[in-house]
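The values are calculated or read from the model by the stated rules, or taken from the named source; none is laboratory data. Just so it is clear, the structure is predicted and the values come from calculations on it, not from any experiment. We place every Cβ from the backbone using ideal geometry, glycine too, and count neighbours over all the protein chains shown. With ligands, DNA and RNA removed, areas are computed over all heavy atoms of the protein, side chains included. Shrake-Rupley method; radii C 1.70, N 1.55, O 1.52, S 1.80 Å.
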Amino acid sequence: MIRQPVNDPIKHMTPQTRQLTPALNVALLLAVLPLTLLSGVAKAQTTDADTKPPRLVQPARAMRASLQQKQIAQIVREIDARNIERTIRKLVSFGTRNTLSSQSDPSRGVGAARDWLFGEFSQAAEESGGRMTVEKQTFEQAKAARVPQPTMITNVVATLRGTQPESAGRTYIVSGHYDSMCTSPTDATCDAPGANDDASGTAAVLEMARVMAKYRFDATIIFMTVAGEEQGLLGSTYAAEQALQKKLDVEAMFTNDIIGSSLGGNGVRDQHTVRVFSEGVPSNEKPEEATVRRGVGGENDSTSRQLARFIKETGARYVPGMRVMMVYRRDRYLRGGDHIPFVERGFAAVRFTEPNEDYRHQHQNVRIENGLQFGDLPQFDDFNFIANVARVNAASLAALALAPARPKNVGLVTARLTNDTELKWDANKEPDLAGYEIVWRDTTSPVWTSAKAIGNVTTYTLKGMSKDNYFFGVRAVDRQGNRSPVSFPHPVR
Ligand SMILES: [Zn+2]
C-alpha cells in the first residue's frame, strides 16, 4: 500500500541502483511518514522494520488514498521514453531553433519547431475532454543584449484546468525551453541541435501533457515550452510577468533544462540522480522580511525550498529508482534558467538538471576537434534517464494538483517566553479538506522528519516543544490523504 506498484525504474534496477538503496530507504521512509501519522506522532527511524506499512486506524480513508496514489503511479508508468526520443529527434531535425532563426520556414528554424509543438500539444489536448486548451503566447521582444532587432517570441502553453472549483485557480507550471543555440547566441543559421539543451526538457513537458491530459486534478496544471531562453530568459520572463499582472495564483513552477544526459564531462555515469536547485532566501525578499528571516533562522525555508522537499519526498515515493539531489542554490555557477524570472516575482520555483554536465555538448558548434565530437547531439542523450526525470516531475505535479493548497498566513505566536510552541493559520477552502499536520525537524536537518495529525483546526499548541529548538511547519491534508507542501511560519504577536 505504501510502496507503489513496480514501475520501470525498479524493474530495470542495475547494480548501481542497488548501491543507492540505503539512501533510498531513508527517502522512502520520509515518504511513508505521513501515513504513519494517522495514528499520532511519529519520529523518523532508520531501521528496516519501520518501512513496513503501518497499521491504519482509518481504513475507509486509506482506501480512498490508495485510489489517488494509484492514479499517480499510473501516470508514472505511462511516461514513455520512446515518445521522448521521438520528440527530441524531431526537434533536432529543424536544424536550428535559435530564437533569431526563421519563423516562417516550414522545415528549418524556431518557427517550424513552434508550430510542430503547437500541433503536438493540441493532439494531447484531445484526450482531455475539453479541459486542456493550447495557445501560442506571442509577444514582441524589444532590442536587447542578445536580440539585435525587435523579434517576435512565442511560448507554447497548454493549460489543463482543475476540476474542483475551489482549487481551479491554483496553478502549477512545468516548463522547458525549445529554443537552442550554437557557440554564438546570435548566430541564427548555424546548426544548433540542442538535443539536451533543451529538447530534453521540452520533450519531458510534452510527454507529461500527453499522459496527464487524460486525468483529472483539483488544481490547474500548465505545460509550457518557451523560446528566448538563450537570449536571456525572455520567454519565461514574459510568462512570469503575465502571471504576476493577471494575478495568477502560481503556487509552483518547475523548469526542466538540460535533463538529457546521465554521463558527465567528468566521466561519471549516474542514471539515478536528478538535481533540483532551489533558493533558500527568496530573490524578491524585502529588507524588513530579511530582518525577520535572520532573526528566526529561516534561510533554509523559502517556499521554493519547501517545494524542493516536496519533490524529494514525492519522487522517492513514486519513482524510487531515482534520487532527487536537492541543491541549496538558485542555479549553477555562471548559469541561469527559466525559474529565475518566477522566483524574482515571488513565485516558488525550482530547476531540474542532470547530475553532471558535459560542456562539450552545450552551446557548441557541431564539430570534431582533436578527434572529439563537440555539439549538443541526440547521441549524447539518455532517453530512459529523461523519462525518469519526467516521472519525478509528473508525480510531483500530480501530487500537488490533487492536494489542498499549502496553508496560508501561518504564524508562530511569539507573544511571551514559553517552552510551548503555538501555531495558527487561515482555514483552507477546499470542500474535501480533512485537516492539518504540524511538521518539525531539528534546525540542522535538511528535510522534515516528524509530523503530527491535529485534525481540522486553525491553531495548535505543541506542549513542551520549544520553538527555539526546532523548525516547525504546517501542511494541509485532504480526505484522500493528499498532502500539501509545508508552509513555514512567520512570527506573530
Ligand atoms: Zn537551457
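Looking at the chain only, what percent of DSSP beta bridges run antiparallel? Nearest 5 please.
65 percent
What angle do you read, to the nearest 10 degrees and between 0 and 90, between the alpha-carbon axis of helix 234-245 and the longest principal axis of the chain?
With rounding to tens, the tilt is 40 degrees.
Show me the ranking of peptides 389-402, 279-292, 442-455, 425-438 by mean Cβ neighbours inside 10 Å, starting with the highest. Please report the intermediate quantities before stating the final value.
Numbers: 389-402: 27.6, 279-292: 13.8, 442-455: 15.7, 425-438: 18.7.
Answer by packing, highest mean first, reads 389-402, 425-438, 442-455, 279-292.
With a probe of 1.4 Å, find how much accessible area region 395-493 has per residue, and write the answer as a whole number in Å².
Details: 3970 Å² over 99 residues.
That works out to 40 Å² per residue.
Asn456 versus Arg77, label points 7 Å from Cα toward the beta carbon: distance in nm?
Placing both labels 7 Å along Cα→Cβ, they lie 3.3 nm apart.
Would you compute, for the Cα atoms of region 284-352, the largest minus smallest coordinate along each principal axis and list the three values in descending order, in whole Å?
So the extents along the principal axes, rounded to whole Å, are 42, 28, 20.
Could you do me a favour and compute the accessible area per residue for region 95-250, 1.4 Å probe, result in Å²?
For region 95-250, the solvent-accessible area averages 35 Å² per residue.
Over region 390-474, what is the relative contact order in percent, taking alpha-carbon pairs closer than 8 angstrom and at least six residues apart? All intermediate terms of the calculation are to be shown ahead of the outcome.
Details: 123 pairs, mean separation 26.4, N = 85.
After rounding, I find 31 percent.
Over region 157-267, what lengths in whole Å, largest first, do the semi-axes of the equivalent ellipsoid take, defined as the square roots of 5 times the eigenvalues of the alpha-carbon gyration tensor?
Each semi-axis is the square root of five times an eigenvalue, giving 29, 17, 11 Å.
With Kirkwood's inverse mean 1/r over C-alpha pairs for Rh, give me the Rg to Rh ratio of region 68-125, two decimals please. Before the final figure, lay out the partial values.
On the way: Rg = 14.9 Å, Rh = 12.9 Å.
With Rh from the inverse mean 1/r over Cα pairs, Rg/Rh is 1.15.
By how many degrees, between 0 and 90 and to the nearest 10, does the Cα long axis of helix 110-125 differ from the longest principal axis of the chain?
Tilt relative to the chain: about 40 degrees.
Using alpha carbons only, how many degrees (0 to 90, rounded to 10) separate the axis of helix 199-212 from the longest principal axis of the chain?
Long axis of 199-212 versus the principal axis of the chain: about 60 degrees.
With equal scatterers on the alpha carbons only and no solvent term, can you work out the Debye log10 of I(q)/I(0) for region 349-464 at 0.09, 0.20, 0.22, 0.23 1/Å?
For region 349-464 at q = 0.09, 0.20, 0.22, 0.23 Å⁻¹, log10 I(q)/I(0) is -0.51, -1.22, -1.32, -1.37.
Test of understanding: express the Cα radius of gyration of region 376-435 as a ratio to 2.2 N^0.38 Å, with N the residue count.
Working: Rg = 20.8 Å, N = 60, 2.2 N^0.38 = 10.4 Å.
The value comes to 1.99.
Leaving out ligands, DNA and RNA, and with a 1.4 Å probe, what % of the accessible surface on the chain is carbon or sulfur?
The computed percentage sits at 51.
What whole number of Å gives the distance from the Cα centroid of region 235-257 to the Cα centroid of region 429-493?
Cα centroid to Cα centroid, the span is 27 Å.
Among Pro404, Thr151, Pro378, whose Cα sits farthest toward the positive end of the charge dipole of the chain (+1 at Cβ of Lys/Arg, -1 at Cβ of Asp/Glu, about the Cα centre)?
Pro404
Sort all Cα-Cα distances of the chain into consecutive 10 angstrom bins from zero, then give the percent of pairs in each bin up to the one containing the longest distance.
4, 20, 31, 26, 14, 5, 1, 0
Work out, in µm²/s and without decimals, the Stokes-Einstein translational diffusion coefficient of region 334-380 at 25 °C, 0.890 mPa s, Rh from Kirkwood over C-alpha pairs.
In µm²/s, the coefficient rounds to 188.
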